[in-house]
Structures are given as structure tokens and as C-alpha cells.
Amino acid sequence: MDKRNADIDGSLTSIRNDLGTTPLLIQHNLGTGSSFTGIVDLPSMTCQKWNRAATSQEFTTTPLTNSVDSALFDKCLTLRNNLIDNLAELDSIMMDVVINNVSYDDITSDCINKCLRRVTCDNKAVPVLIGSSLKSRCIQPLLDAVVDYLPNPESSNSKFAFDDKLCAFAFKTVHQKERGAVTFLRLYNGAISTSMTVYNSADETTDRIGKIYMILADQMLEIKQASAGSIVAVTGLAKTVTGDTLVTNAKAAEKYSAADVQLPTLSVPEPVFMCSIETYSSKEQRALEEALKILVREDPSLRIKLDPETQQMVLMGMGELHLDIVKDRLLKEHKLEVYLGKMLVAYRETIERPSNIIHHTLNKTIGDTTHHVSVAVSVEPCESQSKTAHFVCSGEQSWDKLKWYHRKPIDQGTSQALLMGPLLGYPVVGCRVNVHNFTLHSSRTSAAMISAAIREAVHQALQDSVVILSEPEMRLQIYCDEDNLSDILYDLTHRRAVIGNVEHTEDGVIVHGVSPVATLLGYSTKLRKLSSGRAHFMMEIAGYISMSEQQTKNIVSELSNW
């Protein structure tokens, strides 16, 4: 509520439309912006006020009556009645209470709170509270709401198909000098203890828990064990990364399918910016590699790769600020001063038309073993924009004729070929590989040679087709004043942006649009200049859009000369 453009009604609409659930506002704000001082709790009709000069823990609670503030009382009473009406539509018990009571004033706060808990636990609605993070106001009511409305893990009937065995989710990893890698776990089922061995269902490996810590604000209190419902930090997990699911052992995981074993992982978008990274001294190269391993483990959206031609280390992330923060962390936390190269867009390559059928034969003798395989492949566009390789059997080569132990090396060769396109070495997307013929002339031909033959054939097929670039697009939300709207829209049109909607609110204007990533380099600085520092924006990856052949030629020429 401390933000200038804070909009409660807009937030409720956003929750209803974007999350597809029913928001139930259970508080009313006392002031907005810098004048925000507290809230009115609608179920109990009490005022909770924070003194501006006092700490966040010092507040007063007083009953709200008609004699104290008649206008505020009437407004809050109307909101309370609306809350009861909404609860009655969702809960049969509250409906009976409404029917049997003459007045809504007779319905107690305890009755409303119990109803809120029922509809929340049944996923029928979500309570919405308000507060201010700037001054840490209304934190106490929020913590009370967690206890009052959210379900108790110990009373849950769901065992996640694990009976009483362990099911934990690693949602965050940080590195501390004193403790090393610290993994934050949420325990959905079972329990953990120190020195316990766990099984990682994501990469099918075992790991051992070192110490367990309970998190108390910025303090970590060591404990011996933790049970379901706890959120704890553990040390010693050398192979576990953010998004992994931990269970008791491999036997527990084998009893269920992969969909049952693994909890929904984090959604990590593909990087859209990349640049070279190097140290000023070759002596620090090893230290840089180790430091980057730590940062990549902490941040799944950060990627590192080695350029096969220049042997340079390439850093990939979600934006300029993201990569600048990595540079700053390397300096502050690891004492490494690094140089970041020119910021480049992480394009993708795709094909416009099918290729001809390419025949390729690999015949090589290594020692006493002859590796001889012939393949015929072609590539064609497909709707999927995934980087995952798609290969199908067509023509004379049927899927039934393809032996099961040959399918994996064929898929590996296809995947490796699509990792580097023929134009600039970017991954190839929207492309399906057709295998028309696969013949082994020697039974001793290894899987590696099969993959190599497929990889070379797919490379030739891509060169036979028309390859163009696909550029990433970002979905924009720009918050600005009415006075700056025309200048901002004019600037967006010059950035090849597509304006989707201009939403006028009481506190300003929200511009929705989509723009190519390449045109948004340095946009935050430009936006501050256009709005005198009053506007701000948010953006997220929207997808990839194919560029024209002429645009592709221009990009290839520019990057080839760089």
C-alpha cells in the first residue's frame, strides 16, 4: 500500500482473471501511499493502526464503531456484508447461518474466520490481505492469517503416493562461506534427519544430508530432524539443485511413475541475452569457473557455455541487469574482476521449407573394428518451438523396423545436430527430422558412430533448406503518467513494438505490448529520461518470432563482422 499506484480493486481483478480463483478481501486500508497507517479487520470490525514514528511491532487495536467514524464504519460494514454474501455462495454452512440469522451483525467474527478457513482449504477462494513492505506494517495480521486460514500439513489426508516416506522439494540453493552449499527444502511428506541418505528423483542419484537448520529471520538454528510441513535449510547436498525432488530411496521412487515421483518443478525461461566473460588474468580462470558453477547452481536462469570456435566462456541470462548483477557478485563475493563482452541477443534458428532427402554414409575403421552405417534424412518445419529434437521414421524406414537400441543414438545425434544451426551456431527450433533410411553394414558399428552419421546428415539437410533466425520477444507492462504517454508510445513504435492495450486507471496509465528483445537494450535508462524517473516497467519472455530473410542476412552480416 506504500506504492503511489497501489490499486486494491485492480489487484482483485488481476487475481480473479489471471489466477482463475475467487479473491476475498478481508481487510480495508486506512490511507494510501505515504499516508497508509493501518487496516480495518472486516470479520472483527477492529482498527489496527501503526504509529509512523514507532517500529513495525508497535500498533494499537481498537473496535470500530459508528461513533468513532461513521463514514468509515458504514463503508467497512458494507464490505463485511459483501464478504459474508460471497462466503455464503461458496459454503453451505455459512448459507445456513445467513438464512437463520435476522441480521448480518449477529454473525460473529469466529464464524466468518472458520468459514474462510474451509473455503481456503477446499481451494474455493483465497483470502486477500493488505499491507506495506516499506515500513513492515500489517505483518502481524498476515502471520495470523497463515495460522487461521491455511491447512495444517499434519492433518492432511494426502500422502503424495509415498505413504509415510519422504517427499521434499528443493526450491532454493545459496552458497555460504562458512557452510558451503545450503539447500532450502520444503517437506511435503515424511521426515529428514542429520546424516540421512536421500534419493534425487530428477537425476536418479543419491545424496547425503549434512546439518539441518531452522530459519528464524536472518538466523539459522541447528536442529536434528524436521517433519512434514517444515521449511528448512540443509547442508551436504552436493548433487541437488533448485527444482529437484527428494525421496527416501530408489525403491520408493521405482514404485511410481516419474509423474508421481517428481513434484512440479520451477518454470525457468530460456536466456535471451548472452555475452563473453573472461578474467583480466589467466591465473584467475580456474577460480572464475568455480565461482560461476556456484552462481549457476543458485540461479537456474543463468547459463554458461563454451564457444566451440573461439573457446571463450559465454554467459547467458535474462537481461542486462541480470548479467551486471552476476558481474557485481563475482567481485564482491569471490573477489574476481571480470570483463563482460558485447551484449548479444540469444537468437534461435529455424527453417522455412523442407529440405531434399540427404544420403550420408559413414565408413571408418578404428583398430580392428569397422564402423559402417548409411542414413537418409530430411528436415521440415513443425509448429513446436521447443529445442527438443523431433525425429520420425518415414518412407521405407518404419518405426517397427528400427531396433530399440538404435533409437537412442539416433535421437542423440539428432539432438546434437539441432544444438548448433548452420547460420550462427544458435539452437535450431521448429524443425522435425525425418529418417527415411537407416542401414547398418557392420554389426559392430558403435552407438557413437551412429550418432555421428545422423549428426552429419542432419547438418547437411539444414544447409540444403532455407534457414532463418527467430528473435525473442518480451511482453511489456509499462506504468506511467498520462503526461508521458505520447512520448513513450512514440518511442515504442520505433522499437518495432506492438501495442496491445492502453489501460487508464485512477493513478495513471498501463501500457501493454510486445517488443523484440534486441530493441530493448538500454530501455530502462531511456524510459527514465522520457518520464523524468516516474515510469517503470516489467517484462517477461513471450516467445520467439521468425525474422524475414533480409533481416536474417543483416543480423548474420553484423555478427559475422563483430
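The values are calculated or read from the model by the stated rules, or taken from the named source; none is laboratory data. Please read all numbers here as calculations on a predicted model, not as lab measurements. Here the Cβ is made from the backbone with ideal geometry for all residues, glycine too, and neighbour counts use every protein chain on show. Accessible surface areas use protein heavy atoms only, side chains included; no ligands, DNA or RNA. Shrake-Rupley method; radii C 1.70, N 1.55, O 1.52, S 1.80 Å.
Taking every DSSP helix (H) stretch of at least 4 residues in the chain, weighting each as -39,500 (n - 2.57) and dividing the sum by the residue count yields a mean residue ellipticity at 222 nm of -9500 deg cm²/dmol.
Mind checking the range 34-105 for trypsin sites (Lys or Arg not before Pro) that DSSP puts in a loop (not H, G, I, E or B) and that have at most 11 other Cβ atoms within 10 Å?
Details: sites: K49, R52, K75, R80; in loops: R52.
Sparse-neighbourhood loop trypsin sites (Lys or Arg not before Pro): R52.
Across every pair of non-identical alpha carbons in the range 7-103, the mean reciprocal distance, once inverted, gives a Kirkwood radius of 15.3 Å.
Taking label positions 7 Å along the Cα-Cβ direction at both S35 and E337, the computed distance is 5.2 nm, reported to one decimal.
Listed by chain and number, the lysines placed with their C-alpha closer than 18 angstrom to that of K124 are K114; residues fewer than eight positions away on the same chain are left out. Summing +1 for each Lys or Arg and -1 for each Asp or Glu among the other residues whose beta-carbon sits under 12 angstrom from that of I325 gives -3. Out of these labelled values of volume of the Cα convex hull per residue in Å³, (1) 231; (2) 167; (3) 217, which was calculated from the coordinates shown here? Matching the structure shown: (1). About its Cα centre, the dipole of the range 299-356 is roughly 80 debye, where the only charges are +1 on Lys and Arg Cβ and -1 on Asp and Glu Cβ.
For the pair A238 and T78, label points projected 7 Å from Cα toward Cβ lie 6.6 nm apart. Of the solvent-accessible surface of the chain, computed with a 1.4 Å probe over protein heavy atoms with every protein chain present, carbon and sulfur atoms account for 50 percent.
Cross-link partners of K332 among aspartates and glutamates, defined as those whose alpha carbon lies under 18 angstrom from its own and excluding same-chain residues fewer than eight positions apart: E178, E278, E284, E289, E290, E298, D299, D324.
With only Lys, Arg, Asp and Glu charged, each at its Cβ (+1 for the first two, -1 for the last two), find how big the charge dipole of the chain is about the Cα centre; round to the nearest 20 debye. Display every interim value, and only then the final one.
Working: 55 positive and 67 negative charges, 351 e Å.
The dipole of the chain has a size of about 1680 debye.
For the range 271-345, the Cα gyration tensor yields ellipsoid semi-axes of 17, 15, 11 Å (square root of five times each eigenvalue, largest first, whole Å). Accessible surface area normalised per residue over the chain is 54 Å², counting heavy atoms of protein chains with a 1.4 Å rolling probe. So if I take the alpha carbon set of the range 207-351, get Rg, then get Rh from the Kirkwood formula, what is the Rg over Rh ratio? With Rh from the inverse mean 1/r over Cα pairs, Rg/Rh is 1.04. Straight-distance candidates among the lysines for linking to K327, with alpha-carbon spacing under 27 Å and chain neighbours fewer than 8 residues away dropped: K172, K177, K239, K283, K293, K305, K335, K342, K526, K529.
Take the Cα of K49, step 7 Å along the line toward its Cβ, and report every residue of the range 63-87 whose backbone nitrogen sits under 15 Å from that point. Taking a point 7 Å out along Cα→Cβ of K49, the residues of the range 63-87 whose backbone N falls under 15 Å are 63-73. In the chain, the longest principal axis of the Cα atoms and the axis of helix 70-90 are about 50 degrees apart.
For the range 406-562, the spherically averaged projection of the C-alpha convex hull amounts to 12.7 nm². Between S446 and C382, the simple spin-label model (points 7 angstrom out along Cα→Cβ) gives 2.9 nm. Once the GluC sites (Glu not before Pro) in DSSP loops with at most 14 neighbouring Cβ atoms within 10 Å are cut out of the chain, the longest remaining piece is 59-177.
Count Lys and Arg as plus one, Asp and Glu as minus one, and take only other residues whose Cβ is under 15 Å from that of K124; the net charge is then 0.
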